[in-house]
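Enquirer: Got a structure for you, questions after.
The values are calculated or read from the model by the stated rules, or taken from the named source; none is laboratory data. Nothing here was measured: the structure is a model prediction, and the numbers come from that model. As a convention, Cβ positions derive from the backbone with ideal geometry for all residues, glycine included, and neighbour counts pool all protein chains shown. Heavy atoms of the whole protein, side chains included, go into the accessibility calculation; ligands, DNA and RNA do not. Shrake-Rupley method; radii C 1.70, N 1.55, O 1.52, S 1.80 Å.
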Amino acid sequence: MDYEMPVTGTDIWYYYICQREVWLIKHQIAPDQEDESLDIGRFISETYYQRNKKEISIGNIIVDRIRRDDGQIIIGEVKKSSRYLKSAKMQLLYYLEQLRQMGIQAKGELLFPEERKKETVEWTEEASAELQKAIRDIRLIVRLPVPPVPKKIQFCGTCAYREYCWAEE
């Protein structure tokens with residue numbers, strides 16, 4: 001039987017930003033730990049929504065926030081910016097999909113405390129199909145012998161891997 005590499009919410013997040021970053025992470029190549037973006041992310045995670053913070057680990061997912069509202073389970077992801085909205089939505093949809101596979105029906109909330117914004121995310125068949133394609137693609141990317149060639153995108157300037165990709169420029 002062929003082993004299927006587990007995919008995480010973090011893998012989904014990075015897949016929608018930079019597929020090279022997926023390869024680097026899955027091959028345990030650490031980003032610059034002194035990078036300011038990582039520090040800001042850690043600070044936001046530790047500071048906001050403490051009163052309702054109920055981080056929970058279920059299988060291979062870690063949800064930032066979980067609550068019940070009128071009997072409905074709502075899982076939340078706290079992000080520093082809506083700049084990565086597509087990635088954040090797909091990561092949260094991945095969590096909703098994982099919960100569905102466990103027989104748990106839930107809704108999702110993306111929380112952007114710095115922007116005082118909240119966005120509701122719900123599982124759909126269409127989103128599930130897109131997610132399955134992303135999971136297949138991630139598994140193919142990880143099997144590559146070397147990382148995909150770097151491509152300059154709008155997120156490179158704040159990426160903790162920027163020196164790895166662009167040191168020779």
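Enquirer: Would you mind calculating the gained length between Glu130 and Glu163 on full extension (0.36 nm times residue separation, minus the Cα-Cα distance), in nm to one decimal?
Expert: Gain on extension, Glu130 to Glu163, equals 8.8 nm.
Enquirer: For a quick protection proxy, order the peptides 9-17, 106-114, 87-95 by their average other-Cβ count within 10 Å, most packed first.
Expert: 87-95, 9-17, 106-114
Enquirer: I'd like the carbon and sulfur percentage of the solvent accessible area for the stretch 71-169, probe radius 1.4 Å, heavy atoms only, ligands and nucleic acids excluded.
Expert: That share works out to 51 percent.
Enquirer: Can you give the charge dipole size of the stretch 120-169 about its Cα centre, rounded to the nearest 20 debye, using +1 on the beta carbon of Lys and Arg and -1 on the beta carbon of Asp and Glu?
Expert: So the magnitude is around 240 debye.
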